[in-house]
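This report concerns only the one structure given below.
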Amino acid sequence: MISSQIELHKLYGGVVPEIASRKHIEKINQVIEQALADAGVTLEDLDAVGVTYGPGLVGALLVGVAEAKAISYAKKLPLVGVHHIEGHVSANYIEHPDLEPPFLCLIVSGGHTHLVIVKDYGEFEILGRTRDDAAGEAFDKVARAIGLGYPGGPKIDKLSDEGNPEAIEFPKGKIEGAPYDFSFSGVKSAVLNYLNQAKMRGQEVNAADLAASFQKAVIEVLVEHTMQAAKDYQMEKVAVAGGVASNRHLRQAMKDACERNGCLFYHPSPIFCTDNAAMIGVAAYYEYQKGTRHGWDLNAIPNLKLGER
């Protein structure tokens with residue numbers, strides 16, 4: 001059962017928090033009822049209730065937390081709060097039962113870019129993170145500048161098929177003394193400057209070449225940092241997660257790099273890369289197994305850091 005707001009937010013060029021929260025309230029009961037019916041179970045069949053409580057848009061988080069607490073209270077079920085990013089990592093377990101910690105995971109989404117060692121289920125060592133824009137955020141902003149609209153990532157991925165990734169050389173962000181950290185504001189600014197200069201000169205821009213060249217600069221940094229960490233920490237298993245993990249060019253580049261470096265590569269199907277309840281359910285299962293329980297004081301934490309409880 002999937003309820004998506006993408007078509008609605010396309011009208012505004014991105015997610016409008018107030019509208020997202022309102023639609024969550026309107027749809028959440030229907031979605032739960034349909035999901036239970038599709039699974040052939042009732043609330044009485046559940047062992048626990050898992051819910052995302054951060055990070056994310058506070059309004060949307062509050063709707064989910066309130067609903068989960070209501071079901072948990074009414075049915076006397078344990079309540080298990082889940083970290084959003086832990087959910088993305090856990091999406092890999094859905095289709096890969098052979099994937100067990102420890103492994104290296106690159107998490108790339110609209111709000112987050114993290115490179116972590118998954119030491120155990122729900123236990124992470126953060127090696128690197130973005131210092132400014134997340135990769136997905138850069139994709140969305142560049143897509144908007146080119147005129148592709150929202151959501152930007154899939155549109156750039158598709159348009160890049162028609163372009164030459166070697167046409168324009170964009171900078172690849174590196175952080176001095178932090179080999180696993182990321183920075184994407186520089187490449188985003190370089191794209192905007194390229195467009196502005198072309199407009200001032202009256203030059204026509206090949207959007208496909210621009211998209212392919214920008215995407216190449218971002219993907220090369222993601223792959224290089226991940227492979228460097230895999231080598232430095234002697235990781236034999238590498239996974240990707242998050243919305244940008246559905247990007248075909250990133251998956252292929254990561255797959256090729258893993259083969260060259262003798263690593264096993266894992267990734268979720270695209271349907272499990274974007275935000276979804278299945279990945280949160282998997283993360284909640286492992287947290288429940290570890291004994292994690294939350295009380296009625298569980299609250300939405302929009303800026304919750306990975307590893308915090």
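Each value in this text was obtained by applying a stated rule to the coordinates, not by laboratory testing. Just so it is clear, the structure is predicted and the values come from calculations on it, not from any experiment. Backbone-built Cβ (ideal geometry, glycine too); neighbour counts: all protein chains shown.
Points worth noting:
- Calculated FRET efficiency for the pair R293/D45, C-beta based, R₀ 25 Å, to 0.05: 0.80
- Taking 28 Å as the straight-line reach from the Cα of K119, the lysines in range (excluding those fewer than 8 positions away in the same chain) are K174, K231, K237, K255, K290, K305.
- On full extension, the segment bounded by S189 and D132 gains 19.3 nm, given 0.36 nm per residue less the C-alpha separation.
- On the principal axes of its alpha-carbon atoms, the range 231-309 has extents of 49, 27, 23 Å, going from largest to smallest.
- Relative contact order, percent, the chain [alpha-carbon distance under 8 Å, six or more residues apart]: 25 percent
- For the range 128-180: rounded, prolate or oblate by the Cα gyration tensor [a/c cutoff 1.5]: oblate
- Principal axis box of the range 100-269, alpha-carbon based, largest edge first, Å: 54, 31, 27
- Inter-part distance where the range 203-248 and the range 90-149 are each reduced to a Cα centre, Å: 11 Å
- Helices in the chain that qualify as membrane-span-like (whole DSSP H runs, Cα extent of at least 15 Å along the helix axis, mean Kyte-Doolittle hydropathy of -1.0 or higher) are 17-39, 58-75, 84-95, 135-146, 185-201, 207-232, 277-290.
- Applying D = kT/(6 pi eta Rh) to the chain, where Rh is the Kirkwood radius over alpha-carbon pairs, T corresponds to 20 °C and eta to 1.002 mPa s, the Stokes-Einstein value obtained is 105 µm²/s.
- The slack in the chain from I175 to K119, taken as 0.36 nm per residue of separation less the alpha-carbon distance, amounts to 17.7 nm.
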